[in-house]
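Here is the structure we will look at, set down as structure tokens.
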């Protein structure tokens, strides 16, 4: 490619501080995407080693890592790629772009996107898990296979508890991120600072006007939100506080040890005190 731009469109973590990230390069016409593995970026003894796991001419959109270490990556052609640590396998899933992938285990992985259908991987094959939900789906989260939520464009929000039920919230904004803390405690965020907290059909409006929220994560019992160009926010249940305004953040993930953010040209990792990152250019 000649003149191009780069964006870090997804991030995943392991317990040892390794960051897995998607870097997408485009010249406005074509895409070249990479999946990278960056060894512990905070290790001051051994040098950081960045390994290229995938190089492909398609727009990769989202990444999720299971507890066994498998990576699941969606793309704009409707495929899901799975990496078992040795090799990649490709599954055609949707006729349209997939925007998100997330799971509970290697036998319960969910992907969705422009088609507005949630698909499920059962460890063997992908199949339709929802009817058409009426718009682009940006996130799927839940606490169990029998208690899931999907959110998306034009205030789209659905709950699955054996059957899919649409939830009407008092907004028309894009709903971009979900966080399921418990069966009765779910958060959904979106454009315009929209933030709702509740479950099933009962929700409280805890919106924070003046921001745009893209994703949510629970790290060590604290709720964090990605705020795009504003960086990362902490939410105390009533108000948000900016904790990192020097990065762009569109995706947040967490595990017991770390919080990680992807956005702009940086995948960054937070250990509760310090941020360390991998920069792409």
| note | Scanning the range 97-150 residue by residue, the ones that are more than 18 Å from the chain's Cα centre (by Cα), in contact (Cβ under 8 Å) with a residue 24 or more places away in the chain and assigned to a strand (DSSP E or B) total 2
| task | For residue 6, work out the one condition from (1) part of a strand (DSSP E or B); (2) at pLDDT 95 or above; (3) more than 18 Å from residue 255 (Cβ to Cβ) it doesn't fulfil. | result | (2)
| query | For residue 36, are the conditions met, namely being in a strand (DSSP E or B) and within 25 Å of residue 128 (Cβ to Cβ)? | reply | no
| request: Spot the failing condition for residue 42; the list is (1) surrounded by fewer than 19 Cβ atoms within 10 Å (Cβ to Cβ); (2) farther than 21 Å from residue 250 by Cα; (3) modelled with pLDDT of 95 or more, and only one is missed. | output: (3)
| field | Within the range 242-259, considering residues that are in a strand (DSSP E or B) and free of Cβ contacts under 8 Å to residues at least 24 places away in the same chain, the one farthest from residue 275 (Cα to Cα) | value | 242
| request: Run residue 86 past the list (1) more than 20 Å from the chain's Cα centre (by Cα); (2) buried (at least 18 other Cβ atoms within 10 Å of the Cβ) and report the number of the one that doesn't hold. | output: (2)
| Meets criteria (buried (at least 20 other Cβ atoms within 10 Å of the Cβ), in a strand (DSSP E or B), touching a strand residue (DSSP E or B) at 6+ places or on another chain (Cβ under 8 Å) and in contact (Cβ under 8 Å) with a residue 12 or more places away in the chain) for residue 181 | no
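If I filter the range 48-76 down to residues being in a loop (DSSP other than H, G, I, E, B) and under 18 Å from the mean Cα position of the chain (by Cα), which single residue comes out as surrounded by the fewest Cβ atoms within 10 Å (Cβ to Cβ)?
67
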| task | Tell me which of these residue 216 doesn't satisfy, since it passes every other one: (1) over 30 Å from residue 67 (Cβ atoms); (2) touching a strand residue (DSSP E or B) at 6+ places or on another chain (Cβ under 8 Å). | result | (1)
| request: Only residues that are in a loop (DSSP other than H, G, I, E, B) and closer than 19 Å to residue 251 by Cα: list them for the range 184-206, please. | output: 194
| task | Given the conditions (1) more than 22 Å from residue 275 (Cβ to Cβ); (2) modelled with pLDDT of 95 or more; (3) crowded, with 16+ Cβ neighbours inside 10 Å, report the number of the one that residue 36 does not fulfil. | result | (1)
| Check on residue 192, in contact with a helix residue (DSSP H, G or I) (Cβ under 8 Å, 6 or more places away or on another chain), free of Cβ contacts under 8 Å to residues at least 24 places away in the same chain, surrounded by fewer than 18 Cβ atoms within 10 Å (Cβ to Cβ) and within 22 Å of residue 261 (Cα to Cα) | no
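Name every residue in the range 221-241 that is loosely packed, with under 13 Cβ neighbours inside 10 Å and either without any contact (Cβ under 8 Å) to a residue 24 or more places away in the chain or touching a strand residue (DSSP E or B) at 6+ places or on another chain (Cβ under 9 Å) (or both), in order of residue number.
Residues satisfying the conditions are 221, 229, 236, 237, 241.
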| said: Take residue 91 and tell me if it is over 15 Å from the mean Cα position of the chain (by Cα) and either touching a residue at least 60 places away in the same chain (Cβ under 8 Å) or more than 19 Å from residue 14 (Cα to Cα) (or both). | reply: yes
| Give me the pairs: first residue in the range 45-70 and free of Cβ contacts under 8 Å to residues at least 12 places away in the same chain, second residue assigned to a loop (DSSP other than H, G, I, E, B), beta-carbon distance under 6 Å, and six or more apart or on different chains, which are they? | 49/39
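The values are calculated or read from the model by the stated rules, or taken from the named source; none is laboratory data. None of the values given here were measured: they were computed from a predicted structure. Cβ: placed from backbone, ideal geometry, glycine included. Neighbour counts: every protein chain shown.
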